[in-house]
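The values are calculated or read from the model by the stated rules, or taken from the named source; none is laboratory data. Computed from a predicted structure; not experimentally measured. No Cβ is skipped: glycine too gets one built from the backbone with ideal geometry, and neighbour counts run over all protein chains shown.
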Amino acid sequence: MPAPVLREWVIRPSDPEACRTLADALGLRDLTAAVLAARGHRTPEAARALLDGGEASGHDPFLLAGMERAVDRLHRAVQGRERVLVYGDYDVDGASATSLYLSFLKNLGLSTAFYIPNRIKEGYGLNADAVRRIAASGVSVLITADCGTTAVEEIALAQSLGMDVIVTDHHLPEQTLPPALAILNPCRTDSGYPFQGLCSGGLAYKVASAYHAKYGSAEPGPESSLDLVALATIADVAPLQDENRAMVRRGLDLLSRGVRPGIRALKAAAGVDGACGVGTVGFTLAPRINAAGRLGDAADAVRLLLTEDDREAAELAGLLNRLNQERQRCEEGIVAEALKAADAAPDGPLVLASRGWHQGVVGIVAARLVERFHRPAILIALNDEGIGKGSARSVAGINVFEAIAQCRESLEAFGGHAAAAGLTIREDRIPEFRARLAEVLKGPLSSPAARPRLLCDAEVEPRGFSPAAVLELGRLGPFGSGNPEPTLVLKNLRIASARIVGTNHLKLAVMGRSGPRLDAIGFKMGSLESRGLSPSALIDVACALDINAWNGTERVQLRLKDVRASVSV
């Protein structure tokens, strides 16, 4: 077992004057004011907008290049009663965006269908055989959901077969764009949109909103699909900033109320009762939806999100729950093999391959390796013909998509984002790809930007924590990518007790020079000794604040993110 990665704690600069202004003007606790000021919300107006969830009311969808052409073409399809098909991806973002489109188009009275390729047999994105079958079925408008930006040949084929293509995608474009009727992608250099963080679910919502604004539509309006936008945004780790934060906030309310039969059934199958937060979506609901595309048929995820029948919803939710359990078992085996291979690998990016690995699971395992080793990781599942499908995950400060692009000569295909990418490679090209990637990343991996860091909001004294204070901090949420939960630093704490609970969780009771004794939990952190710490020495902790309810009593608990020996008293 490798030693824990040592992270540099970076504490945001404090602004005592701004803290006092915010606390006095808005009636906030010092802790909340300190976090707001540290994150740059230093005026009462800016802080109030964020706390109220209205810092971004939503940008005009027509700012997206191609939006006018897209909605006008859809309107002609409505008037001409044309056949429209949505071609989605097999992950949560693709399934959610596909479901949102189908609901919206059905609401317009269009004859619609959808197609999601098989991850193993067809791979990501548009493929020529599917495009030909879709055209032969009489489809005249093809909408992509979470794919298409790099599908130059496939979209040219679709156009030649008489289909107009509307691309909604947020994957990074290459130099040549496909000849689509419209390419709605906020990452285009000429997109014209002020926020690049929309996922494909968010883009589908923007299309529905733009159509509603120009041509109107029957009720319910696009806002009823914000639960799908929240699912897609959280699962795709899109930044919870700008308009994403507002949409996710409203979408989480719909998910919590379970207004959609499929969501109610999925929550029941997963043992989720009541409110849904970002963690509920990311760690409980999304993996079950993803499991359909990883080990089964992603179309079942779309059917679950669209069904209005409680019995069908329960059957589909049960299926996805079983697939997720199978995924977990498969993942455990691959993790064990990958960890052993990673321990023996040289420094630099991890490029690991095996014929025994499941293509639908390697991305999850790559993310686990990044967490463990703080190095970009690419796991490649090889088939019997020696063709490998790989998933890449990266660390902060390293654009893995750009790095892979510099190795394109070794690859059959690739695509993705700065933090995650996919590729196709022949087995005999893996050694040269590994060597080339190591050379490309040699400089970036040694730069300060790539060093493991823990960004902390404020250094505080270990007192004044109450459930009410934790709830007030929660008004800065929802927390996730781009809007992390507040991380606080407490220094020079004495350890009153330390023990291991559950499956290797570190349970502490700590005290400062003054103030109450505080409980702390470090999930999967192991013992103090395994981290090179003595129970008799003073420690510093970086932590978040939780409310722990037990026997009708609520107490604040520190959720540890890192622990280190104190260097000064």
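Residue count for the range 485-506 under the criterion of being surrounded by fewer than 17 Cβ atoms within 10 Å (Cβ to Cβ) and either closer than 22 Å to Asn244 by Cα or within 29 Å of the chain's Cα centre (by Cα) (or both): the result is 4.
Taking the range 148-172 as the range and being in contact with a Ser or Thr (Cβ under 8 Å, 6 or more places away or on another chain) and either within 22 Å of Leu110 (Cα to Cα) or charged (D, E, K, R) (or both) as the test, the residues that pass are Gly162, Met163, Asp164, Val165, Ile166, Val167, Thr168, Asp169.
Residues that are of a type in the set (A, V, I, L, M), within 24 Å of the chain's Cα centre (by Cα) and outside any loop (DSSP other than H, G, I, E, B) were ranked within the range 98-145; the one that is farthest from Gln79 (Cα to Cα) is Ala145.
For the range 368-378, give me each residue that is at pLDDT 95 or above and either among the small types (Gly, Ala, Ser) or more than 19 Å from the chain's Cα centre (by Cα) (or both). The answer is Ala377, and nothing else. Checked against (1) touching a helix residue (DSSP H, G or I) at 6+ places or on another chain (Cβ under 8 Å); (2) assigned to a helix (DSSP H, G or I); (3) modelled with pLDDT of 95 or more, Asp253 meets all criteria but (1).
Can you confirm whether the range 71-93 contains a residue that is small (Gly, Ala, Ser), in contact with a strand residue (DSSP E or B) (Cβ under 7 Å, 6 or more places away or on another chain), under 26 Å from Gln196 (Cβ atoms) and modelled with pLDDT of 95 or more? The answer is yes, given that some residue of the range 71-93 is small (Gly, Ala, Ser), in contact with a strand residue (DSSP E or B) (Cβ under 7 Å, 6 or more places away or on another chain), under 26 Å from Gln196 (Cβ atoms) and modelled with pLDDT of 95 or more. Screening the candidates Ser217, Ser209 for the property of being more than 20 Å from Leu319 (Cα to Cα), in a loop (DSSP other than H, G, I, E, B) and of a type in the set (S, T, N, Q) yields one hit, Ser217. Asp457 fulfils the conditions (1) surrounded by fewer than 21 Cβ atoms within 10 Å (Cβ to Cβ); (2) at pLDDT 95 or above except for a single criterion, (1). Annotation: Glu45 fulfils all but one of (1) of a type in the set (D, E, K, R); (2) modelled with pLDDT under 95; (3) in contact with a strand residue (DSSP E or B) (Cβ under 8 Å, 6 or more places away or on another chain); the unmet one is (3). Kindly evaluate Leu304 against the criterion of being hydrophobic (A, V, I, L, M, F, W, C), at pLDDT 95 or above and under 19 Å from the mean Cα position of the chain (by Cα). Judged against the criteria, Leu304 is not a match.
Of the residues Tyr215, Tyr193, the single one that is surrounded by fewer than 17 Cβ atoms within 10 Å (Cβ to Cβ) and either under 15 Å from Glu68 (Cα atoms) or touching a strand residue (DSSP E or B) at 6+ places or on another chain (Cβ under 6 Å) (or both) is Tyr215. Collect the residues in the range 168-184 that are polar (S, T, N, Q) and without any contact (Cβ under 8 Å) to a residue 40 or more places away in the chain, keeping them in residue-number order. Listed by number, the residues that qualify are Gln175, Thr176. When Leu36 is tested against the conditions (1) surrounded by 15 or more Cβ atoms within 10 Å (Cβ to Cβ); (2) assigned by TED's automatic domain parsing to the domain that holds Ala291; (3) farther than 22 Å from Leu126 by Cα; (4) touching a helix residue (DSSP H, G or I) at 6+ places or on another chain (Cβ under 7 Å), the lone failure is (2).
Is there a residue in the range 530-543 that is among the acidic types (Asp, Glu), assigned by TED's automatic domain parsing to the domain that holds Leu26 and either modelled with pLDDT of 95 or more or closer than 30 Å to Asn244 by Cα (or both)? The answer is yes; a qualifying residue exists. Figure legend. Inter-residue proximity from the range 422-433: first residues closer than 23 Å to Ile364 by Cα, second residues of a type in the set (Ser, Thr, Tyr) and outside any strand (DSSP E or B), beta-carbon distance below 7 Å, spacing 6+ or different chains. Indicated pairs: Gly422/Tyr124; Ile425/Ser410; Phe433/Ser410.
Filtered by the rule that a residue be in contact (Cβ under 8 Å) with a residue 60 or more places away in the chain and surrounded by 16 or more Cβ atoms within 10 Å (Cβ to Cβ), the range 303-348 gives Leu305, Leu306, Gly348. Considering the range 132-171, and only residues there that are of a type in the set (Val, Ile, Thr) and within 20 Å of Asp91 (Cα to Cα), the residue that is modelled with the lowest pLDDT turns out to be Thr150.
Count of the range 152-169 residues, restricted to those that are surrounded by 24 or more Cβ atoms within 10 Å (Cβ to Cβ) and assigned to a loop (DSSP other than H, G, I, E, B), is 1.
Of all residues in the range 243-263, those being β-branched (Val, Ile, Thr) and either buried (at least 21 other Cβ atoms within 10 Å of the Cβ) or not assigned by TED's automatic domain parsing to the domain that holds Thr284 (or both) number 2.
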